[in-house]
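Novice: Sharing a structure, written as structure tokens. Questions coming.
Bear in mind that the values in this text are calculations on the coordinates, not laboratory data. Small disclaimer: the values here were computed from a predicted structure and weren't measured. Counting neighbours? That spans all protein chains shown, and the Cβs are built from the backbone with ideal geometry, glycine included.
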Amino acid sequence: MDLNEAIRQAKLGNALAQKHLYEQYKVSLFVVCLRYGRDRSEAEDILQEGFINIFKSLPQYTGEGAVGHWMRKVMVNAALQYLRKWKREWHYLDSEDYETAFQTNEEVFQKLGLEELTRLIQQLPMGYRVVFNLYVIEGYAHKEIAELLGVSINTSKTQLFKAKAALRKQLGQQSLT
């Protein structure tokens, strides 16, 4: 079954077409879930809820843009919903002290492999982890992140700064061992 036919059939509720889409995208979307979850088990829960949302929302997919990109956005939203549902404290530190003047060296993160980066991200506190993923990996702007999470733009910037600092510290500790 080709992709367009699978999408058309899945929109109609065809279970085989839905399975085809699941099999085609489960790995790439699981990687997204791993970055938001603390561990594999939590990522699996997010993936399951995300695919439920994908299949419920599929009739709204207009065909504009790649379906994989659309599914990724739905999965990120599912991850955020999951984290809101199960985690009461995000540990945001709203501070005016951190301005965009704090520039960080992205080169450190670009040299890491996907598995290593994912493992390090999973160790971050949830607020740091979510903002880091949305900004660095997904490409959202601070204004968009603030709106998605219901926080100020400065909180988003602070969380990103602290996430990068925590990752650098983790990298430094790894190089000492």
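Novice: Over the residues of region 125-166, compute the C-alpha Rg and express it relative to 2.2 N^0.38 Å. Could the numbers behind the result be given before it?
Specialist: Details: Rg = 8.7 Å, N = 42, 2.2 N^0.38 = 9.1 Å.
Region 125-166 yields a ratio of 0.96.
Novice: If you take every residue apart from Y61 with its C-beta less than 12 Å away from the C-beta of Y61, what net charge results, scoring Lys and Arg +1 and Asp and Glu -1?
Specialist: Numbers: positive: R8, K11, K56, K73; negative: E64.
For residues surrounding Y61, the net value is +3.
Novice: Give me the base-10 log of I(q)/I(0) for region 1-60 at each q in 0.14, 0.30 Å⁻¹, Debye formula, one uniform scatterer per Cα, rounded to two decimals.
Specialist: Computed log10 I(q)/I(0) values: -0.40, -1.17.
Novice: I would also like to ask the following. Taking the Cβ of I121 as the centre, find all other residues whose Cβ is under 9 Å away and add up their charges (Lys, Arg: +1; Asp, Glu: -1). Provide the component values of the computation, followed by the final result.
Specialist: Numbers: positive: R35, R119, R129; negative: none.
Computed value for this residue: +3.
Novice: Please sort 28-41, 155-168 by packing, taking for each peptide the average over its residues of neighbouring beta carbons within 10 angstrom, highest first. Display every interim value, and only then the final one.
Specialist: Values: 28-41: 18.7, 155-168: 21.4.
Ranking, from highest mean packing down: 155-168, 28-41.
Novice: I've got another one for you. For region 155-171, take each phi angle, set θ = phi - 60°, evaluate the Karplus expression 6.51 cos²θ - 1.76 cosθ + 1.60, and give the result in whole Hz per residue in order, putting x for glycine and proline.
Specialist: Listing the rounded values in order: 5, 4, 5, 5, 4, 5, 4, 5, 5, 5, 5, 5, 5, 4, 5, 4, 5 Hz.
Novice: Sticking with this structure for a sec: Dividing the alpha-carbon radius of gyration of region 107-176 by 2.2 N^0.38 Å (N being the number of residues), what value is obtained? If you can, show how the numbers build up before the last one.
Specialist: On the way: Rg = 12.1 Å, N = 70, 2.2 N^0.38 = 11.1 Å.
In units of the globular-protein estimate, region 107-176 measures up at 1.10.
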